[in-house]
Amino acid sequence: MNNNIQDRRRFIAMLGILSLSTALPKDVFAKSGAAPLTFGAQNTSWGAVAMVAEAEKTFKKAGANVTAFQFDSGKAVRDAMIAGRIDIGVLGTTPMIIGVAKGNMQPLAMAMYAGKTDAIVVRKGSGIKSIADLKGKKVASQLGSSTDHVFQDKIMPKFGLVKGDVQIVNVKFTDQVAALIAGSVDAFAGVEPYPSVAEIDGIGVVLLDYSKFDILPVWVAINRPVLEKNPQQVTAFLRGWLAAVQIFKDTPDEVTNIILKHFTDQGYHISKSTIQLMLSKLDVNPNYVPGLKKYLYEQSKVMQQQKQIHTIPDWDKILDPKYLQLAKKTQS
């Protein structure tokens, strides 16, 4: 068990290195000569399609010139997009809405619907059996993320908890398992693979996942000026994205090996069983499902009431699948 914990700590520490990409100066992205589309995704389950696209070179095969970067969260992706450091990003609903309302962001397609990938995990042996038992406890949660929003605004109220009942500790997803091991928190609100890491290694117990509380759409979004300037290359990007989605659908064993290699090639210690458990929770789907506009209006209203945004975006106009549809029509 001690060796497992040491391996896990190395895994968590190595993952944290990837957050450095958010600090790259803007001119780094301008020196490649060919003005590629710059693309960012999380180094979590929410970035799994992007990992497959990179490994299988689906963007290049589709005719898109794409340079990819990794981030520790969708919030970090959003901030990099607003700053102009990347053009396209994978991010959750909360940072996406803020990016649309405060920046110049436009959703292009979906990465997945990820309700099962988020979970509340408690330390094994803590005696915590229900969300209600978290009253007075310390819970690690990455503030500004969709994961935190759903936990505080949807899950806690269902169990009779109000803000202030739980001590929220702002901890990055990559550091949450380590915080649980160290005993600095009693639980965490996390995204895969971290709940699976905690569960398989006997560090934590999953109280519940988010699937009964939120569909957790994960978006592929773009800075609108980039879309307007180069729609052909954006369409090629989406063809590459759709090709990666198809690999997910057709060859799950290959995807497992790709994601496992993604981590182990960088020195991470993570088991194949953890990756398999993580991938079993993904609903990879590039399409806008029925009810998505209503969902966005509801989420935007809550965020407006919380003063995270001033005005509610016009999702009837913004949520336009035409570029995704064009990419599908031009697939070879």
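What follows draws every value from the coordinates through simple rules; no lab data is involved. All of these numbers come straight from a predicted model, not from anything done at the bench. Cβ atoms come from the backbone with ideal geometry, glycine included; neighbour counts cover every protein chain shown.
The figures follow:
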item: Residue order, fewest to most beta carbons within 10 Å, for HIS269, HIS310, HIS262; result: HIS310, HIS269, HIS262
item: Positive-end extreme of charge dipole, segment 178-332 - chosen from LEU208, LEU180, GLN325 (charges on Cβ); result: GLN325
item: For TRP219, TRP315, TRP241, order by how many other beta-carbon atoms lie within 10 Å, fewest first; result: TRP315, TRP219, TRP241
item: ASP283 long-range amide H proximity, modeled H, under 5 Å; result: TYR113
item: From phi via Karplus (6.51, -1.76, 1.60), per-residue ³J(HN,Hα) for segment 194-209 in Hz, x at Gly/Pro; result: 5, x, 5, 4, 5, 6, 5, 8, x, 8, x, 10, 7, 6, 6, 9
item: Charge sum, other residues only, whose C-beta stays under 15 Å from GLN305's C-beta, Lys/Arg counted +1 and Asp/Glu -1; result: +2
item: Built amide H within the under 5 Å cut-off of LYS124, gap 5+; result: GLY204, VAL205
item: Antiparallel content of DSSP bridges confined to the chain, in %, to 5; result: 60 percent
item: Across LYS163/LYS293; LYS61/LYS116; LYS229/LYS317; LYS212/LYS322; LYS102/LYS154, pairs whose alpha-carbon gap is larger than 21 Å; result: LYS163/LYS293; LYS61/LYS116; LYS212/LYS322; LYS102/LYS154
item: Segment 57-98: translational diffusion in µm²/s, Stokes-Einstein, Kirkwood Rh over Cα pairs, 20 °C, 1.002 mPa s; result: 192 µm²/s
item: Paramagnetic label zone (point 7 Å from Cα along Cα-to-C-beta, VAL302; backbone N under 20 Å) in segment 156-196; result: 156-171, 173, 188-192
item: Hz values of 3J(HN,Hα) by residue in segment 56-63 - Karplus curve (6.51, -1.76, 1.60), Gly and Pro given as x; result: 9, 6, 5, 5, 4, 5, 8, x
item: Residues VAL49, VAL171 arranged by fewest to most Cβ contacts within 10 Å; result: VAL171, VAL49
item: Net charge of neighbours whose Cβ lies under 13 Å from the Cβ of LEU282, counting Lys and Arg as +1 and Asp and Glu as -1; result: -1
item: Backbone HN-Hα couplings from phi across segment 252-265 [Karplus 6.51/-1.76/1.60, Hz, Gly and Pro as x]; result: x, 5, 5, 4, 4, 5, 5, 5, 4, 5, 3, 7, 5, 4
item: Cut-off under 5 Å, modelled amide H: who pairs with LEU108 long-range; result: VAL220, ALA221, ILE222
item: Helical mean residue ellipticity (222 nm; -39500 (n - 2.57) per DSSP H run of 4+; nearest 500) of the chain; result: -12000 deg cm²/dmol
item: Proportion of all alpha-carbon pairs of segment 136-266 beyond 25 Å (%); result: 45 percent
